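The values are calculated or read from the model by the stated rules, or taken from the named source; none is laboratory data. Predicted, not measured: the structure shown is a model, and the values here were computed from it. Note: ideal-geometry Cβ built from the backbone for every residue, glycine included; neighbour counts use all protein chains shown. Ligands, DNA and RNA are stripped out before the accessible areas are found, and what is left, the full protein with its side chains, is counted by its heavy atoms. Shrake-Rupley method; radii C 1.70, N 1.55, O 1.52, S 1.80 Å.
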Amino acid sequence: MSAPRDRIPVAVLGATGAVGQAFIRLLQDHPWFDLVEVAASERSAGKRYRDAARWIGEGNAPESIASRMVLACDPAAVSAPIVFSALDSSVAGEAEAAFARAGRFVVSNAKNYRMERDVPLVVAEVNPTHLDLIEVQRKNRGWKGAIVTNGNCSTIVAVLALAPLHERYRLKRLFVTTLQAVSGAGYPGVPSLDILGNVVPFIREEEEKLETESRKMLGVLSNGAVSDASFGVSAHCNRVAVENGHTICISAEFETQPSPEDAIAALGAWRGAEDARTLPSSPAHPVIVTLDEDRPQPRRDVNAGGGHSVVVGRVRKDALFGLKMVAMGHNVVRGAAGAALLNAELLVARGMMNGL
Ligand code: NAP
């Protein structure tokens, strides 16, 4: 692994939204990256960041960013060689391609390119080798830059909880029910009168994403293509009145069925791929196992590992599938901005951004 000699200038596209703001928080004082530009829609471009964005985290936007001018999401306006994209999917498709064509590395949260066969869909600790798809992508598309994506927020949480078990026991069938926080819908997101004291049993395209992205992330790269894992997935996705933290109830059947004790041992021992263990944002434990009978809970566990860890509990026998458990992770950090940041750090550490 190699750290860059100088901090690399980076930009955030969609910097005014929920995920964009998480990028700004996570990039403060980052040892490898220097956040030099923020960009958003035409509504915001040309304004000072503090006037364009409604800061939804604690306190206020950092002063160094608050006074910056918001730029348009255009490679002619933004000069940084690495751009983190927190763009709405209605615009991410064209904007991200324009940046990649202009020779930039786009590290994206948007759904647009995740399932394209030549685009890496990566959880740093789970499938870092899929980054090698970048070469295929450049060849196919004639881009000097590249697009690397991370998954949908609930899928990342589920995949981190399942990867340690899939590696040893091979998943066969999966049944998941999600309880997803309101911040997953961005800002202003779900109207308060729709969600306070309520559960909404529908999140557009979320079940499909869980079903397809999980198989790609846990798939195998060989000869320049990912063969998706072959397990079956059934997902129910629900929006609940929680601010941050997606909870996922998982029932899983494996080719070799682990006992709850075996599963707890495998989850507890797992540290993820070697080259993702010592990145600046790597949590010491990407998966934390709790034995408390009523955990994980978003209110108590959402900031585990600085929001980068997934907490897994209630690992027990399932009468139909063999094993069941509950996983919970910070959707905006682990499920979005933090996942992208780890992917960018991994690209640097693997020397894939040399020459920037
Ligand atoms: P959000 O709060 O609605 O923010 C959307 C951002 O996109 C804002 O900065 C907005 O800028 C910008 N934007 C909208 N229209 C634009 C346009 N025409 N041109 C340029 N910029 C435009 O959404 P979010 O929750 O942060 O999500 C951002 C992306 O991450 C989405 O693709 C989402 O699906 C994905 N994601 C979100 C989560 C999560 O937990 N929230 C998790 C995983 C992935 P203005 O303020 O100027 O309108």
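Among the residues of region 184-207, the ones that are under 16 Å from Glu243 (Cβ atoms) and of a type in the set (D, E, K, R) come to 1 in all.
Scanning region 136-177 for residues that are over 29 Å from Leu347 (Cβ atoms) and touching a His at 6+ places or on another chain (Cβ under 8 Å) gives Val176, Thr177. When Ala241 is tested against the conditions (1) within 21 Å of Gln180 (Cβ to Cβ); (2) in contact with an Asp or Glu (Cβ under 9 Å, 6 or more places away or on another chain), the lone failure is (2). Checked against the criterion of being assigned to a loop (DSSP other than H, G, I, E, B) and either open to solvent by 60 Å² or more (accessible area, probe 1.4 Å) or of a type in the set (A, V, I, L, M, F, W, C) (or both), the candidates Ile248, Ile203, Ile264 yield just one match: Ile203.
Within this structure, Gly20 passes the test of being touching a Gly at 6+ places or on another chain (Cβ under 6 Å) and in a helix (DSSP H, G or I). Residues that are in contact with a Pro (Cβ under 9 Å, 6 or more places away or on another chain) and open to solvent by 60 Å² or more (accessible area, probe 1.4 Å) were ranked within region 28-55; the one that is farthest from the ligand (Cβ to nearest atom) is Pro31. Taking region 78-90 as the range and being within 11 Å of the ligand (Cβ to nearest atom) and surrounded by fewer than 24 Cβ atoms within 10 Å (Cβ to Cβ) as the test, the residues that pass are Asp88, Ser89, Ser90. Determine whether Gly93 is at pLDDT below 95, surrounded by fewer than 22 Cβ atoms within 10 Å (Cβ to Cβ) and over 27 Å from Leu279 (Cα atoms). Taking the combined requirement at face value, the residue does not satisfy it.
Which residues, counting only those in region 96-108, are touching a Gly at 6+ places or on another chain (Cβ under 8 Å) and either open to solvent by 20 Å² or more (accessible area, probe 1.4 Å) or within 13 Å of the ligand (Cβ to nearest atom) (or both)? Passing the criteria: Phe99, Arg101, Ala102, Gly103, Arg104, Val106.
Residues that are farther than 15 Å from Glu213 by Cα and of a type in the set (Phe, Trp, Tyr) do not occur anywhere in region 108-115. Restricting attention to region 1-27, the residues being open to solvent by 40 Å² or more (accessible area, probe 1.4 Å) and in contact with a Ser or Thr (Cβ under 8 Å, 6 or more places away or on another chain) number 3.
Residue pairs whose Cβ atoms lie under 6 Å apart, separated by 6 or more positions or on different chains, with the first residue in region 97-118 and in the same structural domain as Met217 (by TED's automatic domain parsing) and the second modelled with pLDDT of 95 or more, do not occur.
Being acidic (Asp, Glu) and open to solvent by 20 Å² or more (accessible area, probe 1.4 Å) is the filter here; which residues of region 109-123 pass it? Across region 109-123, the qualifying residue is only Glu116. Checking each residue of region 197-204 against the condition of being under 18 Å from Val310 (Cβ atoms) and in contact with a strand residue (DSSP E or B) (Cβ under 9 Å, 6 or more places away or on another chain) gives no match. Being closer than 16 Å to Ile82 by Cα and either of a type in the set (Phe, Trp, Tyr) or within 16 Å of the ligand (Cβ to nearest atom) (or both) is the filter here; which residues of region 139-152 pass it? Within region 139-152, Trp143, Ile147, Val148, Thr149, Asn150 meet the criteria. For region 56-67: of the residues being out of contact with any strand residue (DSSP E or B) (no Cβ under 7 Å at 6 or more places or on another chain), without any contact (Cβ under 8 Å) to a residue 40 or more places away in the chain and not in a helix (DSSP H, G or I), which is nearest to the ligand (Cβ to nearest atom)? Ranking the candidates gives Gly57 first.
Just one residue in the set Val119, Val199, Val220, Val136 is modelled with pLDDT of 95 or more and within 16 Å of the ligand (Cβ to nearest atom); that residue is Val119. If you filter region 305-356 down to residues that are surrounded by fewer than 24 Cβ atoms within 10 Å (Cβ to Cβ) and charged (D, E, K, R), you find that the one that is nearest to Thr149 (Cα to Cα) is Arg350. Filtering Ser227, Ser154, Ser214, Ser234 for residues that are within 29 Å of Trp270 (Cβ to Cβ) and without any contact (Cβ under 8 Å) to a residue 40 or more places away in the chain leaves a single hit, Ser227.
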